[in-house]
Amino acid sequence: MTRDELKRVLFVEIGNIAPEVDPATVGDDVDLREALDIDSISFLNLVIALKARLGVDVPELDYPKIRTLRAALDYLAARIGRG
Amino acid sequence: MAEFRMPSLGADMEAGTLVEWLKQVGDPVKHGDVIAVVETQKGAIEIEVFEDGVIENLLVSVGQTVPVGTALAFIRSAGALATPAVGAAKVPPRVAPSPVVPAPPRAGPAAPAPFAALKISPAARRLAADTGIDIGTVQGSGPEGAVVFVDVENAWRRMQAAPPAKAPPAPAKAPAKGIDLAAMRGAIAGAMARSKREIPHYYVQHMADLGPATEWLARTNANRPPEGRLVLAALIVKAVALAVRGLPEFNGFYRDGRFEPGDRVHVGSAIALRGGGLVAPAIHDADRLGLDDVMAKLRDLVNRVRAGRYRSSELTDPTVTLTNLGDRGADALLPIINPPQVAIVAAGTPARRPWLVGEAIVARPVLQLALAADHRASDGHRGAMLLADIARRLAEPAGL
């Protein structure tokens, strides 16, 4: 999966929990939960969706590693295929 | 024969609009079945029936706005002998005719329904909500001028084709929530004004050590797939439920001049809507659910509330409310009681603060708890016991 494809998947799943915002308008390095006002249950829904879509189970300890768009793409790209 | 009436879904609700019948004449229904969808200031609410029986007669048609208490349907109870007149507009002969009781008299002049009963199909209503089309501006082409799906679709196309200067400021993709936020703000204001006017509130605050709960959660979640993980809110819901079960003067309703303790514990969990507004639907029997079940209910409620789809009983059943700022917010929150309940517990945002363990100052996650309670049902001394009990339970999370 290319980085662009990964980004599309991430945007779709972010759109499912924050439907009124366009993730493309969010800067690559801002805190996603702050910028999009995502609470802990919605964030958990995003993690669940990422596991279903990409097969990547993000453990709680790694939540800080998917805090921004850039960090999340780096992290997911590195994890895909490694389970 | 039972009358199924327009329910009151909040202290402030005066009328509702029937949006959809999910059962038809002759359909069997049982306690808890959703039989209609009603639009209120809090959005489209699924209305449940509380009898077992068969729908004898539907009295209100889709699109009609009727006052709270108006009979919407007759339900022949399961115990009654079957009558041949299924679908007939009369009651069975051996039963005294149930009078169609008009809405209970209200103080003040009875205002006419504020808008004409527009006929709108459910599909059209949903599409209008999703596209932000004002359905009042759509010309209906269906039977009796009803607005049907294709009418809204055409209106949406015309709006898309319109020059950008005339387009609404909202981005075209943003689906509206099907909830009128201005109306919801009015509903919240009405209920809270009544609360502040009628309920003699008192307030108690307490700081809870969240160290054990935080560590327990991290340990528990480390071995679980995401769909099995817990969030702190689930622990707080359960701790509140167990605490009010032991101190029943905080669980129940103040109605008709007296306090009625609840015989079950249904914790209303305040859920903020994206874009503003909130609702606090019930997690039923939260004191008897395991943490995993509380968590599952919480996730389900958050998802359904934000999709604008929840049930009438979930709005009216809470016997106590929890409002929780979550992990991004302020230290503390002083809540307002949601009538006819008599207590509301607020949890602030957990934060690391200096804390004494023995004689040593250590950094510890702490949680500011606050209680607003009704002096007609309890006193501050008991309120303090309640918060201390919640804190103690949070300090022993394995026991929740």
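The values are calculated or read from the model by the stated rules, or taken from the named source; none is laboratory data. All values reported here derive from a predicted model rather than from experimental measurement. No Cβ is skipped: glycine too gets one built from the backbone with ideal geometry, and neighbour counts run over all protein chains shown.
The table for this structure:
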{"item": "Residue match in the range B:237-244 (condition: at pLDDT below 95 and not β-branched (V, I, T))", "result": "no"}
{"item": "Given (1) assigned to a loop (DSSP other than H, G, I, E, B); (2) over 17 Å from B:G228 (Cβ atoms); (3) at pLDDT 95 or above, number of the condition A:G81 does not satisfy", "result": "(3)"}
{"item": "Hits in the range A:6-31 - residues which are within 13 Å of the chain's Cα centre (by Cα) and not hydrophobic (A, V, I, L, M, F, W, C)", "result": "A:K7, A:R8, A:E13, A:G15, A:N16, A:P23, A:D28, A:D29, A:D31"}
{"item": "Meets criteria (assigned by TED's automatic domain parsing to the domain that holds B:V305 and more than 24 Å from the chain's Cα centre (by Cα)) for B:P212", "result": "yes"}
{"item": "Exclusive hit being buried (at least 18 other Cβ atoms within 10 Å of the Cβ), within 9 Å of another protein chain (Cβ to nearest Cβ), among the hydrophobic types (A, V, I, L, M, F, W, C) and touching a Pro at 6+ places or on another chain (Cβ under 9 Å), set A:L69, A:L50", "result": "A:L50"}
{"item": "When residues of the range B:316-335 are limited to those that are assigned to a loop (DSSP other than H, G, I, E, B) and of a type in the set (A, V, I, L, M, F, W, C), the one nearest to B:Y202 (Cα to Cα)", "result": "B:L334"}
{"item": "Residue in the range A:56-66 that is buried (at least 19 other Cβ atoms within 10 Å of the Cβ), more than 7 Å from chain B (Cβ to nearest Cβ), farther than 30 Å from B:A270 by Cα and among the aliphatic types (A, V, I, L, M) present", "result": "yes"}
{"item": "Positions within the range B:22-74 being surrounded by fewer than 20 Cβ atoms within 10 Å (Cβ to Cβ) and within 21 Å of B:G186 (Cβ to Cβ), in sequence order", "result": "B:P67, B:V68, B:G69"}
{"item": "Those residues of the range B:225-248 which are under 30 Å from A:A52 (Cα atoms), among the charged types (D, E, K, R) and more than 9 Å from every other protein chain (Cβ to nearest Cβ), in sequence order", "result": "B:K238"}
{"item": "Conditions (1) within 11 Å of chain B (Cβ to nearest Cβ); (2) in contact with a Leu (Cβ under 6 Å, 6 or more places away or on another chain): number failed by A:D37", "result": "(2)"}
{"item": "Any hit, the range A:8-20, residues being basic (K, R) and within 14 Å of another protein chain (Cβ to nearest Cβ)", "result": "no"}
{"item": "In the range B:324-346, residue surrounded by the fewest Cβ atoms within 10 Å (Cβ to Cβ) [restricted to those that are in contact with a Pro (Cβ under 8 Å, 6 or more places away or on another chain) and more than 14 Å from chain A (Cβ to nearest Cβ)]", "result": "B:A346"}
{"item": "Residue within the range B:348-356 that is β-branched (V, I, T), over 24 Å from B:R229 (Cα atoms) and assigned by TED's automatic domain parsing to the domain that holds B:L386 present", "result": "no"}
